[in-house]
1. Under the condition of being loosely packed, with under 15 Cβ neighbours inside 10 Å and modelled with pLDDT under 80, which residue from the range 283-300 is nearest to Val168 (Cα to Cα)?
2. Output the residues belonging to the range 301-331 that are assigned to a helix (DSSP H, G or I), of a type in the set (A, V, I, L, M, F, W, C) and either modelled with pLDDT under 90 or assigned by TED's automatic domain parsing to the domain that holds Lys67 (or both).
3. Quick one: would you say Val201 is of a type outside the set (Lys, Arg), outside the structural domain of Val168 (by TED's automatic domain parsing) and modelled with pLDDT of 60 or more?
4. Pull up the range 1-20, narrow it to residues that are among the hydrophobic types (A, V, I, L, M, F, W, C) and farther than 18 Å from Val68 by Cα, then point me to the one that is surrounded by the most Cβ atoms within 10 Å (Cβ to Cβ).
5. When Ser189 is evaluated against the numbered criteria (1) hydroxyl-bearing (Ser, Thr, Tyr); (2) more than 39 Å from the chain's Cα centre (by Cα); (3) not assigned by TED's automatic domain parsing to the domain that holds Pro206, which criterion, by number, is the only one it fails?
6. Output the qualifying pairs, or none if there are none: Cβ atoms under 6 angstrom, residues six or more apart or on different chains, first residue in the range 125-148 and closer than 15 Å to Phe327 by Cα, second residue in a loop (DSSP other than H, G, I, E, B).
7. Which members of the range 156-186 meet the condition of being within 28 Å of the chain's Cα centre (by Cα) and β-branched (Val, Ile, Thr)?
Amino acid sequence: MRTIQEAKDRLDLLINKARVDMYKPIQIAEVLRQARLNPAINVNELDSFRNPSIRWRDEITRRLLGKVSTSSARYQHDVWNDTAMPPRLLAVLDQENKRTHGDVERYIYLRFNDRQQTVAGMIAFIEIATPQAFKLNELLEKFIKQAGIKRSVDKAYEIVAYSLFETVVSTLQATIKVSVPASSHQLLSEFSDLTSVLLGVDTDKPSWEAPAHIYRVGVTNAADRGLDMWANFGPAIQVKHLTLDGTLAQSIVDQVESDHIVIVCRDADAKVIEVVAKQINWGRRVRGIVRESELLAWYERCLRGENAHLLAKPLLKRLSDGFKAEFQQAGAMVEFLEERSYLLKKPDKLWDFQ
């Protein structure tokens, strides 16, 4: 027979491994709540809750985080696998949750709230920083050392890179231009309905010019190796704060359809990419490799270099805005806990999270 402690240990393992958004623990919490309130939900029968659980979780994360998981359905269903929270362990938590009138749900959401408060501290660290005092390595160390947010360091790394790139590019006032030469105007006339959509040009407007910018693609999940950023002047940018081997390094490039790839990574991993690039023909597609040491040096230059008066404040503003957008807090956590009556009574000792 599975014990309550065994089930709690598995739940704690999932919470500790989860990113800041805690999608899987919240999915578990909502199944437990639905099973407590609706007798038709049987946690021993996976089909009775597997698909609805995604919708239940999304309603909560949309409210508390302002976003939902963008992972594949298969990845989201992995929470019910044997290595995560299989029905046999979920059943133990279900019995305990019903006995305590929701203590297990409450426990998950208080752990979630604690994780969000840790991120709030990181954002506050950026917002009160001055160009003279801010040090990028201190911010990255905070993400690495804080157990609650360590798994989100890759997102922090992506925001750090984006803030630097976009600040420098926009401050340079660089522009891009698309134009069709006069020799092609006959062809342009024939296909103006296509070129107006595809290139933004037609016979009346055969060229245009616009500011150069870097854009983040958006939120990706832990298993994604897709595009992180793109520039309207060509490069596709991959940001990786993880240990790379030859196979992973190749898959990163193979999955990005661009002939101008920039990879941002730790110094040690840059060597792996360089070695693999020399061995196979995709090396020519990699325009450049940005090392962590270079990011640190460029941040130092932006904040305290010759042009700090132009770059420092915009850089810190983008950095702060990036973290607030990535780790949204709806400001409704206490209201949510009160609405669910999670704060009305002291929970059983096992589920008392301070």
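The values are calculated or read from the model by the stated rules, or taken from the named source; none is laboratory data. Bear in mind that the values here come from a model prediction, so they are computed numbers and not experimental data. Neighbour counts are summed over all protein chains in view; Cβ atoms, including those assigned to glycine, are modelled from backbone coordinates with ideal geometry.
1. Out of the qualifying residues, it is Gly288.
2. Correct list: Phe323, Ala325.
3. So Val201 passes the test.
4. Within the range 1-20, the match that is surrounded by the most Cβ atoms within 10 Å (Cβ to Cβ) is Leu11.
5. (3)
6. Cβ pairs passing all conditions: Phe143/Ile149.
7. Ile159, Val160, Thr167, Val168, Val169, Thr171
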